[in-house]
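J.: Pasting a structure here, questions to come.
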Amino acid sequence: MKTTVAIGQMMDLVWGLLLFFGALLGVVRGRPEAATAAIFRAAEGAITLAVGLLGTLALWGGLMRIMEEAGLPRVVARLFRPLLARLFPGLPPDHPALGSVAMAFGANLLGLGNAATPLGLKAMQELQHLNEDPDRPSAEECTFLCLVMGGLTLIPATVIALRARYRSQDPAACLGPALLATLAGTLAALTVDFLAKRRKKGGKEK
């Protein structure tokens, strides 16, 4: 979609500017070698992280396939149906998109960031099948993005695992702050989504 491409280009510009000004600051402060060393360390860390994530994404992608064959998305969709029916009134009750959205939302609730990525992509594919204008995001796609980007998390499992890996004295200390932060972010995103839809609907009526 054009919107997705535009967002990707904007993010490329943001990261490019951050890298440029970081290197420029190192030169201005007379420490270009420190800036160069930091760039190489960051690149090495990014590769290590990416390789590690590949295995996790492959694992969850395979599990997602197994769960689809077992009919789990339909079960999860029924579990979250009261909430999703209000957030996505335009989705047919038994459409596969509802199950995919519910699975991605459930992965976010458990803080399984790596699992939420393939699940979210699957949900967007299903929502796109219902989109009457493929070049523009539908109302359901916008709502889904607000829901997952808000990232409401009850148990930040990935963060806890990372804190434990780096020998935190209390890995689970992030439970309360993570819940409050993600709840605030999700409510803010859904509020903006609601107001935007209301404004668009009001414009059409005029």
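J.: Which angle between 0 and 90 degrees, to the nearest 10, do you get for helix 2-28 versus the longest principal axis of the chain when only C-alpha atoms count?
T.: Helix 2-28 and the main axis of the chain meet at about 20 degrees.
J.: Can you compute the helix-only [θ] at 222 nm over the chain? Use -39500 (n - 2.57) per DSSP H run of at least 4 residues, normalise by all residues, nearest 500 deg cm²/dmol. Write down the numbers at each step before the final one.
T.: Details: 8 runs with 165 residues, N = 206.
Dividing the helical sum by the residues of the chain leaves -27500 deg cm²/dmol.
J.: Then there's this: Just grab the label-to-label distance for residue 200 and residue 47, each label 7 Å out from Cα along the Cβ direction, in nm (one decimal).
T.: Placing both labels 7 Å along Cα→Cβ, they lie 4.3 nm apart.
J.: How far is it, in nm, from the label point at residue 165 to the one at residue 10 when both lie 7 Å from their Cα along the line to the Cβ?
T.: About 3.0 nm, to one decimal.
J.: While we're on this one: What's the angle, to the nearest 10 degrees (0 to 90), between helix 175-205's Cα axis and the longest principal axis of the chain?
T.: For 175-205 against the chain, the angle is about 50 degrees.
J.: Counting other C-beta atoms within 10 Å, which of 155, 66, 160 has the fewest, and how do the rest follow? Please list the in-between numbers first.
T.: Numbers: 155 15, 66 9, 160 19.
With the sparsest Cβ surroundings first, the list reads 66, 155, 160.
J.: Relative to the longest principal axis of the chain, what angle (0 to 90°, nearest 10) does the C-alpha long axis of helix 113-129 take?
T.: Once rounded, one gets 40 degrees.
J.: Compute the length gained on full extension between residue 54 and residue 21: take 0.36 nm times their separation in residues and subtract their Cα-Cα distance, giving the result in nm to one decimal.
T.: On the way: separation 33, 0.36 × 33 = 11.88 nm, distance 3.02 nm.
Computed gain between residue 54 and residue 21 is 8.9 nm.
J.: To continue, here is another question. Given R₀ = 25 Å, what would the calculated FRET efficiency be for residue 131 paired with residue 69, taking r from the Cβ atoms and rounding to 0.05? Walk me through the intermediate numbers first.
T.: Details: r = 26 Å, r/R0 = 1.03.
Once rounded, the FRET efficiency stands at 0.45.
J.: Next question. For the chain, state what percent of all Cα-Cα pairs lands in each successive 5 Å bin, counting from 0 Å until the bin that includes the largest distance.
T.: 1, 6, 10, 14, 16, 16, 13, 9, 6, 4, 2, 1, 0
J.: Right, here's the next one. Using the Karplus curve 6.51 cos²θ - 1.76 cosθ + 1.60 with θ = phi - 60°, what ³J(HN,Hα) values do you get for each residue of region 153-160, in whole Hz, with x for Gly and Pro?
T.: So the J values, rounded to whole Hz, are 10, 8, 10, x, 4, 5, 5, 4.
J.: Give the residue from 109, 58, 187 lying farthest towards the positive end of the charge dipole for region 58-205; charges sit on Cβ (+1 for Lys and Arg, -1 for Asp and Glu) and the dipole is referred to the Cα centre.
T.: Positive-end residue among those listed: 187.
J.: Take a quick pass over the chain and tell me how many lysine pairs come in under 27 angstrom between Cα atoms, counting only ones 8 or more apart or on separate chains. Present the calculation step by step, with values, prior to reporting the outcome.
T.: Working: 2/122; 2/197; 2/200; 2/201; 2/204; 122/197; 197/206.
Here the count comes out as 7.
J.: Right, another one. When only DSSP loop residues count, what trypsin sites (Lys or Arg not before Pro) in region 127-178 have their Cβ near at most 16 other Cβ atoms within 10 Å? Before the final figure, lay out the partial values.
T.: Details: sites: 163, 165, 167; in loops: 167.
When the trypsin sites (Lys or Arg not before Pro) of region 127-178 are filtered for loop state and at most 16 Cβ neighbours within 10 Å, 167 remain.
J.: State the extension gain, in nm to one decimal, for the chain segment bounded by residue 86 and residue 28, taking 0.36 nm per residue of separation less the distance between their alpha-carbons. Walk me through the numbers before you get to the answer.
T.: Working: separation 58, 0.36 × 58 = 20.88 nm, distance 5.40 nm.
So the chain would gain 15.5 nm between residue 86 and residue 28.
Every read-out reported here was derived from the displayed coordinates using simple, explicitly stated rules and does not represent laboratory data. Computed from a predicted structure; not experimentally measured. Methodologically, a virtual Cβ is constructed for each residue, glycine included, from the backbone with ideal geometry; neighbour enumeration extends over all protein chains shown.
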